[in-house]
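Bear in mind that the values in this text are calculations on the coordinates, not laboratory data. From a predicted model like this one, the values you see are computed outputs, not experimental measurements. Every residue, glycine as well, gets a Cβ built from its backbone with ideal geometry; the counts of neighbours run over all protein chains shown.
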Amino acid sequence: MSFGSPNNPYGQPQNPQQGQPGYGYPQQGQPGYQQAPQGVPPQQGYGYPQQQPGYPQQGGYGYPQQGYGATPPYANWGWRFLSKLIDGLLYGIPYILVIVGAGNKTPALTIIGFLGLIGLFVYQVILEGRTGQTLGKKAVGTRTLKEETGQPIGAGMAFVRQLAHILDGLPCYLGYLWPAWDAKRQTFADKVCGTIVIRSN
């Protein structure tokens, strides 16, 4: 029994896309055959995402979309300073309570102020880790993200980044001034932690 015999159950199946008989696809020159009109582009096969015209591909999460290969809109030194100033004023409220309580020998007021400082710090770290924004960053429209992924950095890395700000204060607060001329507007803490601060709106 040869493989080409019609009685051979293991004969090679015909490819329906080649228009072979036995599958209902008429061949060229046979009745019912229709040739595709000229100028019509071939349709893309199933399983492949089709790119619609006018819609650029999406970039990393957290980065505002600005077309293919767009550079994230880094927050300049002025915006970073303004957000830091707002956060500092918020910390100043419980800090004043600590100073006043200690000066007036009022332990209750000192404890309230101290707990306020700790609570605000923890809240800010969690908020920045989850959303990329402290209260100050939210007010001015900036966001801290992981440079590699464009995602929020998580509470743990946000805490490490706060500790890394010690490097920004040495020497003479040079790290805090570094975003003024750095290409990615990063402080020393940003470079150590692999983070960037962008304008989110």
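Can you give me the Rg/Rh ratio for the range 134-192, using Cα atoms for both radii and the Kirkwood formula for Rh?
0.96
For the pair THR71/ILE112, report the inter-label distance in nm, with labels modelled 7 Å from Cα in the Cβ direction.
5.0 nm
Where nothing but the Cβ of Lys and Arg (+1) and of Asp and Glu (-1) is charged, how large is the charge dipole of the range 77-199 around its Cα centre, in debye to the nearest 20?
My answer is approximately 220 debye.
Determine, at each q value in 0.14, 0.16, 0.19, 0.33 (inverse angstroms), the log₁₀ of I(q)/I(0) that the Debye formula gives when each Cα of the range 67-112 is one equal point scatterer.
Log10 I(q)/I(0), no solvent term: -0.53, -0.59, -0.68, -1.03.
Using amide H atoms built 1.01 Å from N in the peptide plane, name the residues 5+ places from GLU147, or on other chains, whose amide H lies under 5 Å from its own.
The list, which skips near neighbours in sequence, is THR195, ILE196.
Please report TYR91, TYR173 as a ranked list, fewest other C-beta atoms within 10 angstrom at the top and most at the bottom.
Sorted ascending by nearby Cβ count, the order is TYR173, TYR91.
Please express the Cα-Cα pair-distance distribution P(r) of the range 99-201 as a list of whole percents, one per 5 Å bin, running from 0 to the bin with the greatest distance.
Once binned at 5 Å, the Cα pair distances of the range 99-201 give 3, 13, 18, 20, 17, 11, 9, 6, 3, 1, 0.
Towards the positive end of the charge dipole of the range 77-199, with charges on Cβ (+1 Lys, Arg; -1 Asp, Glu), say which of ILE111, SER83, GLN186 has the farthest Cα.
Of the listed residues, the answer is SER83.
Can you tell me which lysines have their Cα less than 23 Å from the Cα of LYS138? Leave out same-chain residues fewer than eight positions away.
Of all the lysines, those that pass the test against LYS138 - Cα under 23 Å, at least 8 places apart if same chain - are LYS84, LYS146, LYS184, LYS191.
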